């Protein structure tokens, strides 16, 4: 009886959300997309760190996607100091390459504000983040939704992005790298 109950619970979870991890090629493309975006911020960033792909963040994103109602559980300690980028649609399934299309034009770094929502852009160029992991998934229709919701979810670490925060310090590229770091593509790396 207990085994039946466990099987039913696992089936219910599987039916609620289906997550896909990126291939090695897609992981490399995710990093290249972020690297290009981060190396070309205007004005230049003095403290931008180079991102690396993290299987730990990918696994956490995959786990997070199982909670379709609220995919990011901020109260859980493992999500402390972790940032999130979410792309969602009921019509078109977001692809990993869509990260490269994030809108940077609405963000004004001098005034540190946006013409519209630019959370995803600010998180993607959050200077002190050094790790990213992503998944794609589909959450089945629930409540008043008639169609499934397709999601792309990326988690970043470390991140303490708050509303109104500037994502980086403007200045000559790499001029504020931590000691022992060198400059690669306008970003600080070890």
Q.
Please verify whether residue 55 is modelled with pLDDT of 95 or more, touching a strand residue (DSSP E or B) at 6+ places or on another chain (Cβ under 9 Å) and closer than 17 Å to residue 99 by Cα, treating the condition exactly as stated.
A. no
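Identify all residues within segment 120-162 that are within 19 Å of residue 20 (Cβ to Cβ) and within 10 Å of the chain's Cα centre (by Cα); write none if there are none. Write out each step before concluding.
Just the residues of segment 120-162 that are within 19 Å of residue 20 (Cβ to Cβ), to begin with: 132-141, 147-155.
Those that are within 19 Å of residue 20 (Cβ to Cβ) and within 10 Å of the chain's Cα centre (by Cα): 132, 133, 134, 135, 152, 153, 154, 155.
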Q | Enumeration of residues in segment 139-183 that are surrounded by 13 or more Cβ atoms within 10 Å (Cβ to Cβ), in a strand (DSSP E or B) and at pLDDT 90 or above | A | 150, 151, 152, 153, 154, 155, 156, 157, 170, 183
**Q.** Matching residues in segment 1-39 - criterion: being surrounded by fewer than 13 Cβ atoms within 10 Å (Cβ to Cβ) and modelled with pLDDT of 50 or more
**A.** 23, 24, 25, 28, 32, 36
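Answer yes or no as to whether residue 80 is free of Cβ contacts under 8 Å to residues at least 24 places away in the same chain, out of contact with any strand residue (DSSP E or B) (no Cβ under 6 Å at 6 or more places or on another chain) and surrounded by fewer than 21 Cβ atoms within 10 Å (Cβ to Cβ).
Numbers: free of Cβ contacts under 8 Å to residues at least 24 places away in the same chain: yes; out of contact with any strand residue (DSSP E or B) (no Cβ under 6 Å at 6 or more places or on another chain): yes; surrounded by fewer than 21 Cβ atoms within 10 Å (Cβ to Cβ): yes.
Criteria met by residue 80.
The values are calculated or read from the model by the stated rules, or taken from the named source; none is laboratory data. The shown structure was predicted, so the numbers you read here are calculated from the model rather than taken from an experiment. Using ideal geometry, Cβ is built from the backbone for each residue, glycine included, and neighbour counts are taken over all protein chains shown.
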